[in-house]
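Accompanying notes for the structure given below.
The values are calculated or read from the model by the stated rules, or taken from the named source; none is laboratory data. All figures in this text were calculated on a predicted structure; none of them were measured in a lab. For neighbour counting, all protein chains shown are included, and Cβ atoms are generated from backbone atoms with ideal geometry for every residue, glycine included. In case anyone asks, the SASA skips ligands and DNA or RNA and just uses the protein heavy atoms, side chains included. Shrake-Rupley method; radii C 1.70, N 1.55, O 1.52, S 1.80 Å.
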Amino acid sequence: MKPRPFHHQRPLTACAAFYGAGVAMGVFLPWQPRLILSGLVLCVLAAVVLHRMGKRRVLGWMGAFLFLGLFLSGRIVHKPLPAEGKYQITGIVMEDVQLRPDGTAQGYLVKASGRTEEGEIMPLGTVYWTYYPDEQNYLVPTDGQQVSFLGTVYHPSGRSNPFGFDFRMFLWEKGIHAGVSGAKDMAVIGTQERGLASLLYRCRNVLSERLEQVFGEASHLPRALLLGEKYRLPQEVQDSFADAGVAHILSVSGLHVSLLGYCVMFLVPKKWGHKIRFCFIALFLLLYCGMIGFPAPAVRAALFMLIASFRRIVWRGKDWLTTVSVAFLLILMINPMALFSGSFQLSFGAVMGIFVLLPRLEKRMAFRKDHFIWKEMRITLAATAGLLLPMVQIFHRVSVVGLMVNPLVCLIFMAILPLYAVLMVLGFVWLPAAQTLAAPFQIITTGITDFLSWAGDLPFATLNVPHLPWYAAAAFMIAFVLLSGLVVMKKGKRIGLACGLCLASILFWQGTLCRDVQYIQLDAGQADAAIICDGRETVLIDTGEYGGDAAAYLRSTCRRADTLVITHLHKDHFLGVMQLMENHVEIGRLLLPVGAKEVAADAECIALLQEIEEAGVPVYSMAAGQYFETNRCRFEAKWPIRGTVAQGQEANRYSLVLL
């Protein structure tokens, strides 16, 4: 019998793929709603006609889903925005306003509106809100409070630098299209409950306080793992997990939700039947996700689990790929912009890795006594392999240590997480007993953190990988599918085609790389930053106050800052070095203008400079007449002149000038 094409075998999967392609295209194509809706209607009619003719209608539905994705994403991207300017803002605080380390307060307002000086009311919906609390108005509102203040409505900006942060897309993923800054004359004018959301938020606060009472100083880890309060973790703990390649453990996602869900399933008697157990699990997952604020990874994991459970009741003849496709469609129907979320790509990468590679691992890693631990190890290995491509595209590096320790760490936390939950419940019943049993967890937490910190500091801990162009990423994805066995083709042909696609994409990519001297101007806020690439040598001039975009560019191209030039020690030119260090961008040497420490430099910059020197980075000063060279470039200092710098003078007057 002749094998059927893939879209005939799994029509829902093909429709999901076309819908995702439509969502991606809708962000970049011009907005033509009438044309798109016409295409949607024509494809639906074609599917109906093909069905009546006795032919397969899947091609018509694939086109319909493509146009549907175009329409839904285009409607979000081209949504009319409120006029920018100053308004009297009124809105309800969603969860508590958070104070950031830089002194700013940030939060979200729901049911927000703005009133102009003429008295006209403009609905704003949900907005992102930031302001600087001051001594005269140090008010940090809490969840459910209705506030009124004079603020400025603005339109979020998109990515301004190559490989930089896309703030507008970040808000689109949350369903937000406008931001509000400022909080002049802020006042709380009332309290308005957000219904079940406020109740669940208060429940989370109660549970968080109980965890703190039970675990004491070690409560930051169980609060992060159970309640999603990652912000309570000390920065050194977060850095340890990130350096070891297991930072995903700290975010409530598939591992946490599925483990807690299966614990609930275990508590519900089997004799009640699949349908009643499904209802209990659905109710638990809904309340749990609502309590932790409906974070996207947790919602996706809950949806996966519900569809998998529903599959056992209704779709007994369907395969797991169809189940994943249903979840993919449902999530993107609710929020099309989730497609561009890094967590979404990582989640589906892990799921596809499990679906594609787990059957093969089960054949090649089968043991006579197949213990539970070995099963979980195979699942973790398959998921980790599926994460490789998204990790390269998002983080531009692969944690070699993470590939080795990730299965072990996952198993450890699979054992610890239910114990955290049990001790939390026991804390409400008998607090002294819970505190006694929780005492060893402080030692365990410290031991895990120390081990991960040691693993992350190993010389081979991470491997920097450049960002792949879209065609190379697509080639690797196709190769992944070819090697999975989903394609009806002989093994030798599948392997040859997969290797050929990957090799051709890499050769084409390397052949199109620009090898001339490149100058990249970066938007760094109040100041500017620039990157000069001369072969493999890189010169970075200033970093701005926030150097995240500069670090992202260097990491995405696998470059180090061979020479970092700081024109003067002001925050808006130098503090971005912190992001370079946090992102492990290697700095070869630091050049400052002569007398940079003697002039009126910012105290924060002096402290950061001392930290850089303690890290072993050579620091040199430059004066007029001195120069340094790269392969094809020469940089000569024209100012300041040695001997003209006076103590306490304005730093801007003695900035380093290069020609």
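Some points to look at:
- Listed by position, the strands (runs of 3 or more DSSP E) contained in region 494-550 that have at least 3 residues being without any contact (Cβ under 8 Å) to a residue 60 or more places away in the chain are 518-524, 527-534.
- Tabulated pairs, region 205-218, first closer than 18 Å to K230 by Cβ and polar (S, T, N, Q), second open to solvent by less than 80 Å² (accessible area, probe 1.4 Å) and not in a helix (DSSP H, G or I), C-beta under 8 angstrom, 6+ apart or interchain: S208/E229
- Test: residue in region 139-148 that is of a type in the set (S, T, Y), open to solvent by 20 Å² or more (accessible area, probe 1.4 Å), under 30 Å from S556 (Cα atoms) and at pLDDT below 90: no
- The residues of region 149-159 that are closer than 30 Å to I394 by Cβ and open to solvent by less than 70 Å² (accessible area, probe 1.4 Å), listed by number, are Y154, H155, P156, G158.
- Total residues in region 112-156, condition in contact with a helix residue (DSSP H, G or I) (Cβ under 9 Å, 6 or more places away or on another chain) and touching a residue at least 60 places away in the same chain (Cβ under 8 Å): 1
- In region 160-186, the residues that are open to solvent by 30 Å² or more (accessible area, probe 1.4 Å), modelled with pLDDT of 90 or more and not in a loop (DSSP other than H, G, I, E, B): F167, R168, F170, S181
- Breaking point among (1) in a helix (DSSP H, G or I); (2) without any contact (Cβ under 8 Å) to a residue 60 or more places away in the chain; (3) closer than 27 Å to E582 by Cβ; (4) open to solvent by less than 80 Å² (accessible area, probe 1.4 Å), for W454: (4)
Every residue, every condition in (1) among the aliphatic types (A, V, I, L, M); (2) surrounded by fewer than 20 Cβ atoms within 10 Å (Cβ to Cβ); (3) under 27 Å from W470 (Cα atoms), yes or no:
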| position | (1), (2), (3) |
| --- | --- |
| I520 | yes, yes, yes |
| D549 | no, no, yes |
| C558 | no, yes, yes |
| T567 | no, no, no |
| M581 | yes, yes, no |
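- Y131 being among the aromatic types (F, W, Y) and within 23 Å of I292 (Cβ to Cβ): no
- Test set (1) part of a helix (DSSP H, G or I); (2) out of contact with any Lys or Arg (no Cβ under 7 Å at 6 or more places or on another chain) - G190 fails condition number: (1)
- Qualifying residue in region 391-412 (condition: of a type in the set (S, T, N, Q), modelled with pLDDT of 85 or more and more than 26 Å from the chain's Cα centre (by Cα)): no
- Number of positions in region 156-213 that are within 20 Å of G85 (Cβ to Cβ) and not small (G, A, S): 10
- Qualifying residue in region 346-359 (condition: at pLDDT 80 or above, within 30 Å of A438 (Cβ to Cβ) and open to solvent by 40 Å² or more (accessible area, probe 1.4 Å)): no
- Residue identified as open to solvent by 20 Å² or more (accessible area, probe 1.4 Å) and without any contact (Cβ under 8 Å) to a residue 40 or more places away in the chain among P269, P295: P269
- The set of residues in region 630-647 being modelled with pLDDT under 85 and open to solvent by 50 Å² or more (accessible area, probe 1.4 Å) consists of G643, T644, Q647.
- In region 427-445, the residues that are assigned to a helix (DSSP H, G or I) and free of Cβ contacts under 8 Å to residues at least 12 places away in the same chain: V429, P432, A433, T436, A439, P440, I443
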